[in-house]
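Asks: Sharing a structure below in structure tokens format, with a few things to ask.
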Amino acid sequence: KDILNFDFMDKPPLEALKAALEQLYLLSALQKSAELQLTELGRRMAFFPLDPRLAKVILKAPEFNCSEEMLSIVAMLSVESILYTSNDKRELALAAWKKFQSADGDHITQLNIFRTYRSTKANPSWCRENFVNVRNMKTVMSVRKQLRELCERLSIPLMSCGQNTDCIRQCLLQGLFTNAAELQPNGQYLTVVSRQVVHIHPSSCLFLLKPQSQYLLYTELVHTSKCYMRNVSVIDAEWLVDSAPSYFRPLRNKSSSK
């Protein structure tokens, strides 16, 4: 229970441990008491071999009627890349991917690819024609099957929201609410939490679409010559505040004063 002083064989940096505990508190996975204890939500999150934020997203999905979609998206996020191309076929690849792209962002684009792939009965020829990585899609299907079995074991209702993409993006915020960026008057995005300048990753479908949304959700940050947001989706300010009211109370006050 005293995780900060636990005798690890290879102890992580103290700051990393504190940051991890803070994240679990924010996700409502830990009780705010003298001793470290998991909440009921935290115990259920621990069943999933996932980043705690994605585990919470799956557990919250029934509230947004999108369990099936969230399993697909989380499985797609488990692989490095589902798309590939080469310099001599880049234009062909971009044309093929365009039919899957969504103005809502990368998570819905990934869902579109998954749904089409599954409708073809995992046809390798379709993958080659659309520059989709066959091996990684097989991994996605395997991961999704395992996650679905865990949901069934935990009696988590499995339901589909159909074409309603709003509820999917709202559900993603339940676990990823700290991964948000706000558009500034100069056209740059700053992370909502640390106010760091970030850019949409060139691999994102939103990189070319140039969204004018005030807020974006991202799955991770990648640091190269710049700090890039990967796996980006468009979100509403109200969704952000509703996902963690106490955490974003200053944001609510700011929005209401405009």
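The values are calculated or read from the model by the stated rules, or taken from the named source; none is laboratory data. Only a predicted model underlies this, so the values are computations on that prediction, with no experimental measurement involved. Note that each Cβ is placed from the backbone with ideal geometry, even for glycine, and that neighbours are counted across all protein chains shown. Only protein heavy atoms, including side chains, enter the accessible area calculation; ligands, DNA and RNA are left aside. Shrake-Rupley method; radii C 1.70, N 1.55, O 1.52, S 1.80 Å.
Asks: Carbon and sulfur atoms: what percent of the 1.4 Å accessible area of the stretch 160-251 do they account for?
Replies: 50 percent
Asks: For Leu83, enumerate residues with amide H under 5 Å from its amide H, sequence gap 5+ or separate chain, H modeled in the peptide plane.
Replies: Distant-sequence amide H within range of Leu83: Asn133.
Asks: With r defined as the distance between the Cβ atoms of Gln184 and Phe207 and R0 fixed at 22 Å, what FRET efficiency is calculated, to the nearest 0.05?
Replies: 0.80
Asks: Lys and Arg at +1, Asp and Glu at -1: add these up for the other residues within a Cβ distance under 13 Å of Glu129 and post the number.
Replies: Cβ neighbours under 13 Å give a net charge of +3.
Asks: In addition: For the residue pair Leu154 and Leu221, what label-to-label distance in nm results when each label sits 7 Å from Cα along the Cα-to-beta-carbon direction?
Replies: 2.8 nm
Asks: Can you find, among Asn136, Asn112, Cys151, the residue farthest towards the positive end of the dipole of the stretch 86-167? Put +1 on the C-beta of Lys and Arg, -1 on that of Asp and Glu.
Replies: Looking along the dipole axis, the top candidate is Asn136.
Asks: Now, a different point. Based on the Cα coordinates of the stretch 118-258, what is the per residue volume of their convex hull in Å³? Let's see the in-between values first.
Replies: Values: hull volume 23.0 nm³, N = 141.
Dividing the Cα hull volume of the stretch 118-258 by its residues yields 163 Å³.
Asks: Which percent of the accessible area of the stretch 18-139 is formed by carbon and sulfur heavy atoms (probe 1.4 angstrom)?
Replies: 51 percent
Asks: Enter the per residue convex hull volume of the stretch 127-166, computed from alpha-carbon coordinates, in Å³ rounded to the nearest integer. Numbers along the way, then the final one.
Replies: Working: hull volume 3.8 nm³, N = 40.
It comes to 94 Å³ per residue, whole-number rounded.
Asks: What is the packing order of peptides 203-213, 52-62, 148-158, taking the mean over residues of other C-beta atoms within 10 Å and listing the highest first?
Replies: 52-62, 203-213, 148-158
Asks: Then there's this: Considering only the other residues whose Cβ falls under 15 Å of the Cβ of Val222, what net charge follows from Lys and Arg at +1 and Asp and Glu at -1?
Replies: -1
Asks: Before I look further, what does the chain give for accessible area per residue, probe 1.4 Å, in whole square angstrom?
Replies: For the chain, the solvent-accessible area averages 54 Å² per residue.
Asks: Moving on to the next point. Given points 7 Å out from each Cα along the Cα-Cβ axis, report the Trp126 to Asp236 separation in nanometres with one decimal.
Replies: 3.3 nm
Asks: May I pose another question? I want the local charge near Asp106. Using Cβ-Cβ distances under 12 Å, sum +1 for each Lys or Arg and -1 for each Asp or Glu among the other residues.
Replies: Net of charged neighbours comes to 0.
Asks: With the radius of gyration and the Kirkwood radius both derived from the Cα set of the stretch 53-199, what is their ratio Rg to Rh? Walk me through the intermediate numbers first.
Replies: Numbers: Rg = 16.6 Å, Rh = 16.6 Å.
So for the stretch 53-199, dividing Rg by the Kirkwood Rh gives 1.00.
Asks: What value does the chain have for Rg/Rh, both radii from Cα atoms and Rh as Kirkwood defines it?
Replies: Ratio of gyration radius to Kirkwood radius for the chain: 0.98.
Asks: Give Lys121/Lys226; Lys98/Lys226; Lys32/Lys145 a once-over and call out the pairs whose C-alpha atoms are over 29 Å from each other.
Replies: Long pairs (Cα-Cα over 29 Å): Lys121/Lys226; Lys32/Lys145.
Asks: I've got another one for you. Restricting to DSSP H runs of at least four residues, report the calculated mean residue ellipticity at 222 nm for the chain, -39500 (n - 2.57) per run over all residues, nearest 500 deg cm²/dmol.
Replies: On the way: 12 runs with 120 residues, N = 258.
Taking each H run of at least 4 residues, the total per residue is -13500 deg cm²/dmol.
Asks: Charges at C-beta only: +1 for Lys and Arg, -1 for Asp and Glu. How large is the resulting dipole of the chain about its Cα centre, in Debye rounded to 20?
Replies: Numbers: 32 positive and 25 negative charges, 89 e Å.
Charge dipole of the chain: 420 debye, to the nearest 20.
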